[in-house]
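One structure is given here, and the rest of the page talks about it.
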Amino acid sequence: GAVVSQHPSWVICKSGTSVKIECRSLDFQATTMFWYRQFPKQSLMLMATSNEGSKATYEQGVEKDKFLINHASLTLSTLTVTSAHPEDSSFYICSARENSRGELFFGEGSRLTVL
Amino acid sequence: ILNVEQSPQSLHVQEGDSTNFTCSFPSSNFYALHWYRWETAKSPEALFVMTLNGDEKKKGRISATLNTKEGYSYLYIKGSQPEDSATYLCAFSGNTPLVFGKGTRLSVIA
């Protein structure tokens, strides 16, 4: 089956640093990818829709300057949490929509802890 | 704000028992209801995509029903096995991107 690789799986960083998370579709092309965040005991919440070659569409309340999304190729989207603070500590997960059939496949997620 | 509710939040059953859980979603602007199975440290895996009122889908021992008029879907697992232990997520899509419930965490005890 289709595979989406997300890296890193977990990261611990100091407050004020920036962290980049990669989401790759390994065996299919994805014009559209999605980034979600999940706080403990909460739902997966959509942060932004990432479109290859164009600007991401951010959900209400998500700061685009803080969560930089780049989708430069049909197989890779990156999320950079800039100047991370402890309140950004969360589980981040991406999904990629396969171009040919429109199916959605998820990465394994990245757990970010900001000290 | 769209609200997708799942119940129960968690469930412990004995191996061999059958079980079911619920997903409630808005009944207006419905497009599809998705069920995912999410094992710890793995990617959520799509189980079903349901679009029609009255839909029933089955995959092995797992089945799901859909009522779009009243806004609920049931997921059934027959003869639960330890490998069924996971979080089961439902997600609603209307004229918006997917909106997820908080999931039902199922533990099957051998």
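Read the figures in this text as sums done on the coordinates, not as results from a lab. Just so you know, these numbers come straight off a predicted model, no measurement behind them. Positions of Cβ are generated from backbone atoms using ideal geometry, with glycine treated the same way; all protein chains shown enter the neighbour counts.
Points to keep in mind about this one:
- Debye, to nearest 20: dipole size of the stretch B:1-76, +1 on Lys, Arg Cβ, -1 on Asp, Glu Cβ: 200 debye
- q = 0.11, 0.21 Å⁻¹: log10 I(q)/I(0) that the Debye formula gives for the stretch B:1-104, counting C-alpha atoms only: -0.30, -1.08
- Label-point gap, in nm, between A:Thr113 and B:Glu83 - each point 7 angstrom along Cα→Cβ: 3.2 nm
- Label-point separation, A:Glu103 to A:Phe91 (7 Å along Cα→Cβ), nm: 2.3 nm
- Cα pair count fraction exceeding 23 Å, expressed as % - chain A: 22 percent
- Over 21 Å between alpha carbons, listed pairs B:Lys58/B:Lys78; A:Lys20/A:Lys66; B:Lys42/B:Lys78: B:Lys42/B:Lys78
- Projected-area average for the protein assembly as shown over all orientations - Cα convex hull basis, square nanometres: 12.3 nm²
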